[in-house]
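Input: a single structure, listed below in structure tokens.
The values are calculated or read from the model by the stated rules, or taken from the named source; none is laboratory data. Source: prediction; values computed, not measured. Neighbour counts run over all protein chains shown; Cβ positions are idealised from the backbone, glycine included. In case anyone asks, the SASA skips ligands and DNA or RNA and just uses the protein heavy atoms, side chains included. Shrake-Rupley method; radii C 1.70, N 1.55, O 1.52, S 1.80 Å.
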Amino acid sequence: TSAQLAAAHTARARTAPPPRHRATTAQRARLARAAPMAEMASEAPGAKEKAEEVHYPLMTLAQQVFRQGTEPTPELEKEIRATIEANDMAPYYEHCCAKFGWPVDEALLSAMRAKNEAELKALGEKKDDAEKNQGDMEVLDALFDAARFHARVGAKDAAYAACDLIRDRPKISTGKRIDAIMNKIRVALFFTDVAAAKSQLAEAKKLAADGGDWDRNNRLSVYESAYLLVTRDIDGAAGKLQGGVATFTCVELCTYPEFVFYAVVTNVLTLPRPELKKKIIDGPEVLQVIKQLPHLSTLVTSLYDCEYATFFAVLPELEALLLKDRYLAQHARFVIRELRVLVYTQFLEAYKTVTLASMAAAFGISVEFVDRELARFISVGRLNAKVDKVANVVETTRADQKSKKYQETIKSGDVLLNRIQQLARCVSI
């Protein structure tokens, strides 16, 4: 883990601590120091006119609830309660009480329920009046108001049903159907309902292909990127995130600094060096924001400039940022591991043989630590190298690309033949 990297870099410890799933004391300290990206101010191109509009459900609240679940503090609990009370979120208040073991304030809950019932009754009357005395557009506006209400108070099932009611309504434009589905996706992402987000994304993409406008397609790409991050499809998310940096307007889902953070982290893992330089390091939109993101600029530039000790020193700080993000926290160890594999591969490509001592010095870590790391990654086929413990050197082995492609083709052919045979048996039955 990155806690091990920090120990190896600062003290060159002879024995690295064992991997842990929960944050260590050092990680908690870094978590407290790391500023939440949602609090950073930055203006995305084309998003200024949407910045003041309030979108429900509040993604900032979902982030706060996540942080309270990982590193609870009285101050954060106070902020969450204040947001819940300000928006009369009776259903979500019950959800949080059950999640965190808070005692239920019956008086507060009754008051919020009463307000919810009154508001819902008013919305129903507005819809009835629109159906009797006004046109289809007014009815549709009333339906969207009801969906917005359920999303605001944190009633997941009711919000889903309200969005479905709009989607299934006859004689509405494709754009409005997409809007209803994207509202449902946003609710699903708020509650981390991966299954619902997946099904609704597929439906929204199909509608967008048939008749979605540029803005809706652009925002839908951001929604899909968030889903891909949650499901750890780094390669899929990277391209969409990088392509959306210059056209970001999806302020209802995340802030622009958060979006750039996701774009940089994923593209560092996927882009080749020339593309990384062009699209990330020298990208004007990224340069506008990256200085606000702690340690991210150092991470990217040190990787490109082959400053490996600096790169390793910043990894624990990056892990602290990942652990604070509700999309990437569950993948923090994976991301940090892949970054280590990436930088080891880049270093070894320049050598045929290199001593363990030289490699340890370049990375600013102990020989014992780098020896364990290499043994781990070589044994699972992540690094094309072998360690000579007698001479204490690392020997790189260049992969034969033709042989590799041949073996991949053979494996793919075997899989295809098995599927054809299964299909033939099904047809014969």
| said: A 24 angstrom limit on the alpha carbon distance is what I want to check against. Which of Lys240/Lys278; Lys78/Lys99; Lys240/Lys291; Lys352/Lys411 exceed it? | reply: Lys352/Lys411
| Cα-based Rg (one decimal) and Dmax (whole number) for segment 202-247, in Å? | 10.6, 29
| task | Find the eigenvalues of the gyration tensor of the Cα atoms of segment 93-177, then list the square roots of 5 times those eigenvalues as equivalent ellipsoid semi-axes, largest first, in whole angstrom. | result | 30, 16, 6
| C-alpha long axis of helix 174-190 to longest principal axis of the chain, angle in ° | 60
| said: Considering all projection directions equally, how large on average is the shadow of the alpha-carbon convex hull of the chain, in square nanometres? | reply: 27.3
| task | Send over a whole-number figure in Å² for the accessible area per residue of the chain, probe 1.4 Å. | result | 50
| field | Volume per residue of the C-alpha convex hull in segment 178-269, rounded to whole Å³ | value | 84
| With axes computed from alpha carbons, what is the tilt in degrees of helix 156-167 against the longest principal axis of the chain, rounded to the nearest 10 within 0 to 90? | 70
| field | 23 Å Cα-Cα reach of Lys127 towards lysines, excluding residues that sit fewer than 8 places from it in its own chain | value | Lys115, Lys156, Lys171, Lys176, Lys184
| note | Diffing segment 91-106: the Karplus 3J(HN,Hα) column from phi (6.51, -1.76, 1.60, θ = phi - 60°), in whole Hz with x for Gly and Pro, holds x, 6, 4, 5, 4, 5, 4, 5, 5, 9, x, 6, x, 7, 7, 4
| said: To test your reading of the geometry: what angle, between 0 and 90 degrees and rounded to tens, separates the Cα axis of helix 136-153 from the longest principal axis of the chain? | reply: 60
| said: If you wrap a convex hull around the alpha carbons of segment 281-429, what volume per residue comes out, as a whole number of Å³? | reply: 198
| query | Each residue of segment 268-274 in order: what ³J(HN,Hα) in whole Hz does its phi give by Karplus 6.51 cos²θ - 1.76 cosθ + 1.60, θ = phi - 60°, with x for Gly and Pro? | reply | 4, 7, 10, 7, x, 4, x
| remark: Under the Karplus relation with 6.51, -1.76 and 1.60 and θ = phi - 60°, whole-Hz ³J(HN,Hα) for segment 109-126, x at Gly and Pro, equal 4, 5, 5, 5, 4, 4, 5, 4, 5, 5, 5, 5, 5, 5, 5, x, 5, 5
| message | Tell me the Rg and the Dmax, in Å, that the Cα atoms of segment 278-341 produce. | response | 12.0, 31
| Which GluC sites (Glu not before Pro) in segment 277-378 pass both tests, a DSSP loop state and at most 16 other beta-carbon atoms within 10 Å? | Glu307, Glu349
| request: Mind telling me which of Ala90, Ala98, Ala375 comes out most flexible in a GNM of the chain, alpha-carbon contacts under 10 Å? | output: Ala98
| When only C-alpha pairs under 8 Å and at least 6 residues apart count, what is the relative contact order of segment 120-192, in percent? | 24
| Residues whose placed amide H lies under 5 Å from that of Ala385, excluding near-sequence neighbours | Thr397
| query | What part of the accessible area of the chain, given as a whole %, is carbon or sulfur when the probe is 1.4 angstrom? | reply | 53
| note | Rounded to two decimals, the Rg over Rh value of segment 354-425 from Cα coordinates and the Kirkwood Rh reads 1.28
